[in-house]
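Okay, structure first, notes after.
The values are calculated or read from the model by the stated rules, or taken from the named source; none is laboratory data. Just so you know, these numbers come straight off a predicted model, no measurement behind them. Backbone-built Cβ (ideal geometry, glycine too); neighbour counts: all protein chains shown. These area figures cover heavy atoms from the full protein model, side chains too; ligands, DNA and RNA do not enter into them. Shrake-Rupley method; radii C 1.70, N 1.55, O 1.52, S 1.80 Å.
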Amino acid sequence: MPNESDHVEGGGGKESEESTKDLTKQTVRKRSEQTPSPHRGSNTPQASPPRFVSAEELMETAKGVNNMALAHEILVNQTFQVKPSEFPEGSLERRVKEIMHKAFWDCLEAQLKEDPPRYMQAIKLLAEMKETLLSFLLPDHGHLRSRIEEVLDLALIQQQAEKGALDIGSLSKFIIEMMGSLCAPCRDEEISKLKEITDFVPLLKAIFSLLDLMKLDMANFAVNSIRPHLMQQSVEYERNKFQEFLDKQPNALDYTEKWIKDTVKDLREVSSTAASSGPSALLPADVHNQAYLRLLKWNHLAEPFPETMLMDQARFQEMQKILEQLVMLSSVLLIVYTTTGEAISGLPGLMEKLKITVQAMLADMHTPSFSLQEALATIGEKLCMELSQCLSQHGYATLSTDRKNTLMGQISAIIQSDNTVRKLMDSRIQNYLLAFLESGQHKSPPLPGGLAPVNKELKELAIRFSHLINFNKLVFSPFYQKILRKCLASGECADTET
């Protein structure tokens, strides 16, 4: 029977693979150019002379990076799963697959209806089922292994078929019983449905379909089981693979170095402006955490992403979108509560109702056809209606026309990036993420004012951000330390290491 191939998915599996390809393309392009990188400042030491790589070296490196991406995906993506591959509906590939499967099962059904029946193809399918059942067994499943070998004795089944004494029904019943004892509890209902199928060919089709699902269950169980033990090996593996890549491409950290140096420069400017006594010393740990925070504000179209973060670029883009939505959502809710005053502060369920309304209207915020200006205008009108209705139900005076106009005007004003409320909520969210990164995942920092309505979403983002950063630090810390030492030697940050 044609077997369906499986593939891995999970939040950013395909994005991670594309990122590794980008890593190879970007770095090879940089090494093959005769001029220094345009992103390097005039005071930066010039790169070593360019070296062209062979096709064999490039293929070997790309293969290693792709393998690294898979291990990385398993670790950083907690929702990683192996899923069946599916061709798009209506595609040529899907149509060909359906035709082949139908031809196979029609042929099998015709063979079994002959007089006498021909069991050769059916026996091959039984052998495949036996092999699959055995693959589910653990080393201590000796009794089950013996039982499967005994009942599904292919030599004996062949002899019974030749003598016309083959009992297909009892063999199918045994296979279903074995599947029931080996499957996950979530498959019990599907096992029960198998027992209701009486026609042999449809039953075989259903058995193979469920066996494929059980294979995926076993694969995903294995992934979850090995994840805690994979951490240290994966850290060393990724670090060694990147070092191999760096040995072939000495300039493979150009953008990473620029990313950290730009962070130092920005922190120095802020420190100089804030302190009348002169700039204060910068700690490498603070520089590093601030650099990670800058990735949530990255202009992905205009500036190359740091090489050490390329496998996670798609994840940072996704988190950046979530961050922007949380800023807009928290800004709108803060305006509502500061504009309407104490009348709504104690009304049960109102905050959640308003939050759901705004979330729904901002859901498509990053789609090409979305108009933020129109959405904010609609949000203002909708919230005014809901607030007036709620105030009336609880015996308060409804919103006056002036107050409605003020509320809608303030909500529409947050479309400007320099809007006071928007800048305030953006700053508070970033400070929370930074504090979360510094304190670790086991101790959440205090929630800044005005962010209570988005507490759940913000904490989920902080955990995801922190998990990703902590793993990146483990892998690339030796490379980062060298770059930070350059900063220390040139006086760009304080002479203090962590």
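With the simple model of a label 7 Å out from the Cα in the direction of the Cβ, Ser135 to Ser427 spans 5.9 nm. Shown in residue order for the range 311-319 are the 3J(HN,Hα) couplings computed by the Karplus curve 6.51 cos²θ - 1.76 cosθ + 1.60 at θ = phi - 60°: 5, 10, 4, 4, 5, 5, 5, 5, 5 Hz (x for Gly and Pro). The phi-based Karplus calculation (6.51 cos²θ - 1.76 cosθ + 1.60; θ = phi - 60°) puts the 3J(HN,Hα) values of the range 294-301 at 4, 5, 7, 10, 6, 8, 5, 7 Hz, whole numbers, x for Gly and Pro. The gain in end-to-end length when the Glu381 to Trp105 segment is fully stretched comes to 93.4 nm, 0.36 nm per residue minus the alpha carbon separation.
On the protein heavy atoms, probe 1.4 angstrom, tell me the percent of accessible surface of the range 225-306 carried by carbon and sulfur. Here carbon and sulfur together make up 55 percent of the probe-accessible area.
Extension gain for Ala452 to Tyr337 (0.36 nm times residue separation, less C-alpha to C-alpha distance): 40.2 nm. Approximating the spin labels as points 7 Å out from Cα along Cα→Cβ, the Phe200-to-Asn220 distance works out to 3.4 nm.
For Asn405 and Ser444, a Förster radius of 60 Å and the Cβ-Cβ distance give a FRET efficiency of 0.95, rounded to the nearest 0.05. Counted by Cβ distance under 15 Å from Ser427, the other residues give a net charge of +1, where Lys and Arg count +1 and Asp and Glu count -1.
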